[in-house]
Amino acid sequence: MKTINLEIDGLPVQVPENTTIMEAAQTIGIHIPRLCYHPDLSIEGACRICIVAVDGARTFQTSCSTRVQEGMKIQTNSPEIRQARRDLVELILDNHPRECQTCERDGQCELQNLAYNLGVRERLFEGWRKEFPIEDSSHSVVRDSERCILCRRCVRVCSEIQGVHNLSQLHRGVRTVVTPAFESPMSDSVCINCGQCINVCPTAAFLEKRSTEEVWAALADPGKHVVAQIAPSIRAAIGEGFGLAPGTPATHQTVTALRRLGFEAVFDTNFGADLTVIEEAHELVQRLKQNDRLPLLTSCSSGWIKFLEHFYPELIPHASSCRSPMTMLSALLKTYYAEMKGLDPKDIYVVAVMPCTAKKFEIIRPEHRHENGRPYTDAVLTTRELVWMIKAYGIDFTKLPDGDFDSPLGFSSGAADIFGATGGVMEAALRTAVETLTGKPLAKLDFTEVRAVEGLKEATLDVAGMSINVAVANGLTNAKTILEKVKAGEKPYHLIEIMACPGGCIGGGGQPYPPDGHYVLDREIYRLRTQALYTIDAEKTVRKSHDNPFIKELYDKFLGSPGSEKAHHLLHTHYAPREPRGIK
Amino acid sequence: MSVETAETLDPQIIAYIEACRKLPHPESYLMSILHRVQGRYGYLSQAHMAEVAQRLQVPTSAVSGVSTFYHFFRLQPQGKYAISVCLGTACFVKGADKILEAFQSELGIELGETTKDGLFSLENTRCLGVCGLAPVVTINDKVYSQVTPQQVPEMLNRLLAAEAKETAPTA
């Protein structure tokens, strides 16, 4: 590759050709302010904040979209450039609500930070302000177009990373608005509820549908037995919300925090994950033996399941019928646990803390209801919402003593912890399925070949004389690639793990906004969160789901055997094609 | 939005979309396809746009984005009485914007929209070449000259009266 020599702020720079000015400046420690730019999304060039002066150019150039040229002389800073950037931000603010103090994003807003950093200290313009109603038809995602600055990051993540293409800019000029096709409500669109639009939004134009009020109310209700469960990836990310370094495991502080908030018992979604492994491995072994509906597609990710229903209804028979670990555990809480405690399931209020906004939709699916008509899971809080509740309650998270999960639905194997990372469900299922197929204990438990940190990975495993073809995808554009291969019959796949969010659940749409030094979709932050989960797994003595003694007890006392009628009733579900149909 | 549409697109348009799909960058023919749909049906219904999206395999949200970006595309069927207010220079300086406002408030619709009963639709036009008659309004093929905002309710009432006569049962 050709090397380009140029000068930025008087300093010589050498970069490969096709590098942008912004990237070139970064190599010598110059951070050009930016807003619409995102390193993992296509270049937009809409906000103009990243302008620089290029010698010989008539006007300022956007450094995100201008590529370096031999001999270029660039100025990234001057009174004129700083003034121009300030003007641009003032113009954006002019059409932005003045409600920072009451905004959920206060203190974590990229626009607010940018305005501060650029020295915007007063609002000079008072012009016409756009007016849009808040769109809260979705159970997962709330859109406030008045806070939207039209950077199109949400449109880009929805199309480029997720392949969903739900969002687009409609109309033009001052009437421009980001919405689904035909300005349909989000609830009547192909939105899969993944919440990546929330993650990439620089302001609060997208937020999760808040469940904190109903959870506070339940906690204050003496007639309710309020219990919590936390997903594997919460422990790997929640610390970031309290200033801990990314990748700091915080399982036991989280348990203590939940007890202090008033939860009567705290369970681990990991138990549901172990159970999922048993049921799904059973399903896989059956299908392998009968050569039936292969490949088996995993079903833990709510966003992926809704995607399947909108975009690939023809592949629905391939999906595992297993409910997600969250719903499996909730179903047990309102049956097994209720019986054990002598409680009426109607009095049990289950709160699930999830890294995920799609789970808020999953719980209202009629398939996931107790026979008493109530949903198995009463409320889902995202990691962000729990962080806020802990702060609101005055709990100093970093000083908390360790707490342990309640028994018996709080004990889990290491296989369950890694559910939160890409390839984790696959690896956990293989630890059990391979032992079932070979009848011998595994020599090596780590299946590093299925950890799809790059988004898509395929592997062929030799199991009991069979070649098992597996694939792992995260981010639904990657899922499309593998599903098209399945449809084309390119290779006989046996098991495919799909997670809607990049990196798996650790990169979910409900995770904390990244701390300074990191950005959303940052592979480094995903690596650190993932590392935390693999460390927890490696340090456990029980690392295979079928070795979890409480799972064995559950089958002995309550469910019978994997795939039994009772297990089917409580732990399995079904799917149906969904309108509007997505475009592949 | 209530719209009536044929169940599926005209076979000629479907054939055109199929032909586009065989060309490089089929998505680049979206505009041309939408023009044909509007040419055939007079406007772009949601059902037709969704069908174009499926047949061309272009995201429905993108079709929706294009159809709302360009003013030429109509998203509602034209009314029985298609009202068009000239906003050319001469008409504008003679207060055409006030006439437009009068139609908007009388009919309760915005530019490009059609009343719920399907009777009136409202559009604007550029210079019609009869600046001597400014400000000018056309309703279907009839030209109204030197219109004032005060005349607007009366113009509409006359059309409604004609309409009532037409639909009244014959004695």
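The values are calculated or read from the model by the stated rules, or taken from the named source; none is laboratory data. Model, not experiment: these values are computed from the prediction. Reconstructed Cβ throughout: ideal geometry from the backbone, glycine too, with neighbour counts over all protein chains shown.
Quick notes
- Flag for A:Arg153 being touching a residue at least 60 places away in the same chain (Cβ under 8 Å), within 14 Å of chain B (Cβ to nearest Cβ) and in contact with a helix residue (DSSP H, G or I) (Cβ under 9 Å, 6 or more places away or on another chain): no
- Hey, B:Arg36 under 18 Å from the mean Cα position of the chain (by Cα), of a type in the set (Lys, Arg) and either surrounded by 15 or more Cβ atoms within 10 Å (Cβ to Cβ) or within 14 Å of chain A (Cβ to nearest Cβ) (or both) or not: yes
- If only residues of segment A:378-432 that are surrounded by 24 or more Cβ atoms within 10 Å (Cβ to Cβ) and among the hydroxyl-bearing types (Ser, Thr, Tyr) are counted, the one that is nearest to A:Cys322 (Cα to Cα) is A:Thr432.
- So B:Val130, is it modelled with pLDDT of 95 or more and either surrounded by fewer than 18 Cβ atoms within 10 Å (Cβ to Cβ) or within 14 Å of chain A (Cβ to nearest Cβ) (or both): no
- Qualifying strands (runs of 3 or more DSSP E) (wholly inside segment A:415-508; at least 1 residues being modelled with pLDDT under 90): A:456-463, A:466-474
- Look at (1) away from every other protein chain (no Cβ under 14 Å); (2) surrounded by fewer than 19 Cβ atoms within 10 Å (Cβ to Cβ); (3) of a type outside the set (Asp, Glu); (4) without any contact (Cβ under 8 Å) to a residue 40 or more places away in the chain and you find that B:Phe72 fails only one, number (1).
- Residue satisfying all of: in segment A:525-584; among the acidic types (Asp, Glu) and surrounded by fewer than 17 Cβ atoms within 10 Å (Cβ to Cβ); nearest to the other protein chains (Cβ to nearest Cβ) among these: A:Glu579
- B:Ser64 at pLDDT 95 or above, within 11 Å of another protein chain (Cβ to nearest Cβ) and either crowded, with 16+ Cβ neighbours inside 10 Å or more than 30 Å from B:Cys131 (Cα to Cα) (or both): yes
- Residues in segment A:7-49 that are in contact with a helix residue (DSSP H, G or I) (Cβ under 7 Å, 6 or more places away or on another chain) and aliphatic (A, V, I, L, M): A:Ile8, A:Val13, A:Val15, A:Ile32, A:Leu35, A:Leu41, A:Ile49.
- Restricting segment A:60-71 to residues that are within 18 Å of A:Arg85 (Cα to Cα) and assigned to a loop (DSSP other than H, G, I, E, B), the residue that is farthest from the chain's Cα centre (by Cα): A:Phe60
Yes/no per residue for (1) of a type outside the set (Phe, Trp, Tyr); (2) under 22 Å from A:Ser302 (Cα atoms); (3) in a helix (DSSP H, G or I):
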site	(1), (2), (3)
A:Gln511	yes, yes, no
A:His518	yes, no, no
A:Lys557	yes, no, yes
A:Gly563	yes, yes, no
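- Residue in segment A:127-137 that is touching a residue at least 60 places away in the same chain (Cβ under 8 Å) and within 23 Å of the chain's Cα centre (by Cα) present: yes
- When residues of segment A:178-201 are limited to those that are within 21 Å of A:Tyr312 (Cα to Cα) and hydrophobic (A, V, I, L, M, F, W, C), the one nearest to the other protein chains (Cβ to nearest Cβ): A:Ala181
- Qualifying residue in segment B:123-131 (condition: in a helix (DSSP H, G or I) and either among the β-branched types (Val, Ile, Thr) or touching a residue at least 12 places away in the same chain (Cβ under 8 Å) (or both)): yes
- Hits in segment A:48-59 (condition: crowded, with 18+ Cβ neighbours inside 10 Å and in a loop (DSSP other than H, G, I, E, B)): A:Arg48, A:Ile49, A:Cys50
- Candidate set from segment B:39-58 (those that are closer than 21 Å to B:Gln76 by Cα and not in a helix (DSSP H, G or I)); member that is farthest from the other protein chains (Cβ to nearest Cβ): B:Gly42
- Candidate set: segment A:131-148, residues that are out of contact with any Lys or Arg (no Cβ under 8 Å at 6 or more places or on another chain) and either of a type in the set (Phe, Trp, Tyr) or assigned to a loop (DSSP other than H, G, I, E, B) (or both); chosen: the one farthest from the other protein chains (Cβ to nearest Cβ): A:Asp144
- Candidate set from segment A:100-128 (those that are farther than 16 Å from A:Cys201 by Cβ and among the charged types (D, E, K, R)); member that is modelled with the lowest pLDDT: A:Glu126
- Test: residue in segment A:159-177 that is away from chain B (no Cβ under 13 Å), under 16 Å from the mean Cα position of the chain (by Cα) and touching a residue at least 24 places away in the same chain (Cβ under 8 Å): yes
For every residue, the table says whether it meets (1) farther than 21 Å from A:Cys356 by Cα; (2) loosely packed, with under 15 Cβ neighbours inside 10 Å.
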position	(1), (2)
A:Gln112	yes, no
A:Gly119	yes, yes
A:Phe125	yes, yes
A:Glu135	no, no
A:Asp144	no, no
A:Ile149	yes, no
A:Gln169	yes, no
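- Every listed requirement among (1) more than 14 Å from chain B (Cβ to nearest Cβ); (2) out of contact with any Asp or Glu (no Cβ under 7 Å at 6 or more places or on another chain) is met by A:Ala205 save one, (2).
- Test: residue in segment B:16-33 that is more than 14 Å from every other protein chain (Cβ to nearest Cβ), surrounded by 15 or more Cβ atoms within 10 Å (Cβ to Cβ) and more than 25 Å from A:Gln169 (Cα to Cα): yes
- Helices (runs of 4 or more DSSP H) completely within segment A:338-410 that count 3 or more residues being touching a residue at least 60 places away in the same chain (Cβ under 8 Å): A:358-362, A:383-392
- Only residues that are part of a loop (DSSP other than H, G, I, E, B) and either among the polar types (S, T, N, Q) or surrounded by fewer than 22 Cβ atoms within 10 Å (Cβ to Cβ) (or both) were counted across segment A:10-32, and they come to 8.
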